1. For Asp165, only one of the following conditions fails: (1) within 23 Å of the chain's Cα centre (by Cα); (2) farther than 23 Å from Gly236 by Cα; (3) acidic (Asp, Glu). What is its number?
2. Looking at Ile74, Ile47, Ile56, which one is β-branched (Val, Ile, Thr), at pLDDT 90 or above, farther than 17 Å from Arg121 by Cβ and touching a strand residue (DSSP E or B) at 6+ places or on another chain (Cβ under 8 Å)?
3. If I filter region 24-44 down to residues being over 16 Å from Leu113 (Cβ atoms) and at pLDDT 85 or above, which single residue comes out as surrounded by the fewest Cβ atoms within 10 Å (Cβ to Cβ)?
4. Could you tell me whether Ser98 is among the polar types (S, T, N, Q), out of contact with any helix residue (DSSP H, G or I) (no Cβ under 6 Å at 6 or more places or on another chain) and surrounded by 15 or more Cβ atoms within 10 Å (Cβ to Cβ)?
5. Going through region 193-211 one residue at a time, which ones are surrounded by fewer than 13 Cβ atoms within 10 Å (Cβ to Cβ) and touching a residue at least 12 places away in the same chain (Cβ under 8 Å)?
6. Kindly provide the set of residues from region 28-40 that are in a loop (DSSP other than H, G, I, E, B) and touching a residue at least 40 places away in the same chain (Cβ under 8 Å), ordered by number.
7. So, in region 106-127, of the ones that are in contact (Cβ under 8 Å) with a residue 24 or more places away in the chain and surrounded by 14 or more Cβ atoms within 10 Å (Cβ to Cβ), which residue ends up farthest from Gln39 (Cα to Cα)?
8. Does Lys103 qualify as being charged (D, E, K, R), modelled with pLDDT of 90 or more, surrounded by 14 or more Cβ atoms within 10 Å (Cβ to Cβ) and within 18 Å of Phe119 (Cβ to Cβ)?
Amino acid sequence: PGEVFKGKKEWQLMSKTATGKIEHFVSIVTDNNYMDFIQREKDDVKIILFTNKKAIPPLYKVLSKFSKKATFGIVKNDEEFTKKFNIQSLPALCVVTSIYEYKLDCHSGSMELNQLKNFLRPYITKEKTVQAQTTLIELSKDMKICDPSDSKFCLIYFSEGSKTDKSVLASIEKTIYKFKNDPVIFTFVDTRKNSAYYSHFGTTSKLLVFRPKKRKFAEYTNSNFDENSIEMFISGVI
């Protein structure tokens with residue numbers, strides 16, 4: 001049975017009450033919980049609405065009923081976090097295409113239900129897939145990757161800021177695509193900004209593969225940082 005409206009029978013008030021009652025499956029996403037949002041239902045497409053409004057738009061609530069095939073989030077009036085994704089205008093409905101690099105595919109048409117469905121459908125039906133990691137991610141204490149709860153392997157390169165050998169970075173990044181289907185996250189730590197993290201491992205190696213959940217790591221001992229040697233090292237660990 002339907003719910004009886006008990007307020008004044010004015011159209012705007014009735015409409016506001018009705019839209020407020022729409023069931024939805026939308027999570028609020030912030031810089032602090034972004035990785036939690038991403039890791040929820042890991043095989044799902046991640047869809048985010050960026051808006052400067054305080055309320056969740058009714059249209060987005062309706063779209064979120066596809067929640068069995070996608071995970072829906074909303075970033076509300078968060079200018080600093082929105083900048084990370086290079087969003088040019090609001091509102092913006094986007095699919096996260098590269099999780100760690102904050103890359104998106106955003107809808108460019110009007111915010112009409114049928115157009116939005118047509119934009120999302122290829123991702124929900126898996127005709128389009130999200131992009132694999134392509135570059136090293138800088139580890140920071142706020143990121144919820146490579147922490148004790150993470151079951152993936154973490155490749156960590158300890159860089160020296162502007163003094164870092166660019167050819168070493170290039171060799172490591174060339175191996176990323178080869179492990180796109182493996183549970184490995186490719187990261188780096190700038191030792192000038194985070195020397196304590198490097199000291200924590202008690203190693204002189206600049207490259208290691210870390211298994212956070214098991215608290216074990218393997219050191220790269222080869223003096224040559226060529227692509228093939230790095231690939232063999234990773235393969236031997238995972």
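The values are calculated or read from the model by the stated rules, or taken from the named source; none is laboratory data. Every value quoted in this text rests on a predicted model; they were computed, and no experiment measured them. Here the Cβ is made from the backbone with ideal geometry for all residues, glycine too, and neighbour counts use every protein chain on show.
1. The number of the failed condition is (1).
2. Values: Ile47 fails: farther than 17 Å from Arg121 by Cβ; Ile56 fails: at pLDDT 90 or above.
Among Ile74, Ile47, Ile56, only Ile74 is β-branched (Val, Ile, Thr), at pLDDT 90 or above, farther than 17 Å from Arg121 by Cβ and touching a strand residue (DSSP E or B) at 6+ places or on another chain (Cβ under 8 Å).
3. Ile28
4. Answer is yes for this residue.
5. Lys193
6. First, pick out the residues of region 28-40 that are in a loop (DSSP other than H, G, I, E, B): 29-33, 40.
Within region 28-40, Val29, Thr30, Asp31, Asn32 meet the criteria.
7. Restricting to residues being in contact (Cβ under 8 Å) with a residue 24 or more places away in the chain and surrounded by 14 or more Cβ atoms within 10 Å (Cβ to Cβ), the top hit is Met111.
8. It is false that Lys103 is charged (D, E, K, R), modelled with pLDDT of 90 or more, surrounded by 14 or more Cβ atoms within 10 Å (Cβ to Cβ) and within 18 Å of Phe119 (Cβ to Cβ).
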